[in-house]
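Notes follow once the structure below has been shown.
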Amino acid sequence: MTTLDIPFPAAALTVLDVIRSRRTVDIGQLKPDAVPRAVVEAILEAGTWAPNHGRTEPWRFTVFTGEGRAQLAEVFAQAYAAGSAPDRDSGAALEAQRARAWRAPLWISLELHMPDKPKMPEWEEQAALACAAQNMWLAATAFGLVGKWVSGPVMVSPVAAQALGAPKLLGLLVLGYPAGELPSAQRAPLAQKVTWVE
Ligand SMILES: Cc1cc2nc3c(=O)[nH]c(=O)nc-3n(C[C@H](O)[C@H](O)[C@H](O)COP(=O)(O)O)c2cc1C
């Protein structure tokens, strides 16, 4: 960890620890246990505290959980059928898409909603939504959850976006309690990426 030549406040140590312990975990590595509604609401609230230029709050979230995942399953199947995969007409492939929705207890869509008359360039609104996603992921980590930001062709498909009533979809955050050990992760040393000018 960091070499401390000054004492860090407890809050800083807690935040840094949560940041470092956030982990991407495959959907198959999640327990089926539901996430309590109050926890989901706290996660969503954390998302809305993300920075956003011009107070546009360019995000909307749809939460799929419990039996509500049947609707998400249909969104995945529709998006896959409208895509370019060679097996897009296969009933078995569409069933596999539907099955994905049931493999995690909680899905939160990351929907980009720009104002009718955009005040900011789209990249800034996307950046704000990414900050919201990270806030939610960190809050989820603090509650003992793990998961993944999924952004494959189905997850960002315009067909999926339309089914959710969203102009654009930047994927979904999939969350659940870990079924086993968390994968280890590495980051390159700061020295490789930081230039100090002092
Ligand atoms: C915008 C974005 C999209 C991502 N999409 C996917 C994805 O579609 N599939 C996947 O396996 N991981 C996806 N990830 C997760 C990264 O692969 C993951 O963060 C990386 O492997 C580092 O692991 P860590 O999150 O545990 O540090 C995405 C991450 C980001 C930020």
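Structure notes:
- Checking Ala130, Ala188 one by one, the residue that is without any contact (Cβ under 8 Å) to a residue 60 or more places away in the chain, among the small types (Gly, Ala, Ser), within 18 Å of Ala46 (Cβ to Cβ) and within 13 Å of the ligand (Cβ to nearest atom) is Ala130 and no other.
- Residue list for region 181-198, restricted to those being of a type in the set (A, V, I, L, M, F, W, C), in a loop (DSSP other than H, G, I, E, B) and farther than 14 Å from Val25 by Cα: Ala188, Val194, Trp196, Val197
- The set of residues in region 147-184 being within 9 Å of the ligand (Cβ to nearest atom), modelled with pLDDT of 95 or more and out of contact with any strand residue (DSSP E or B) (no Cβ under 7 Å at 6 or more places or on another chain) consists of Gly152 alone.
- Single residue of region 9-34 satisfying the filter (part of a loop (DSSP other than H, G, I, E, B) and in contact (Cβ under 8 Å) with a residue 12 or more places away in the chain) that is farthest from the ligand (Cβ to nearest atom): Ala34
- Residue in region 35-58 that is assigned to a strand (DSSP E or B) and either within 17 Å of Ala139 (Cβ to Cβ) or within 17 Å of the chain's Cα centre (by Cα) (or both) present: no
- Top-ranked residue in region 140-164 [being free of Cβ contacts under 8 Å to residues at least 40 places away in the same chain and not aliphatic (A, V, I, L, M); ranked as surrounded by the most Cβ atoms within 10 Å (Cβ to Cβ)]: Gln162
The values are calculated or read from the model by the stated rules, or taken from the named source; none is laboratory data. All figures in this text were calculated on a predicted structure; none of them were measured in a lab. Quick reminder, even Gly has a Cβ in these numbers, built from the backbone with ideal geometry, and neighbours come from all protein chains shown.
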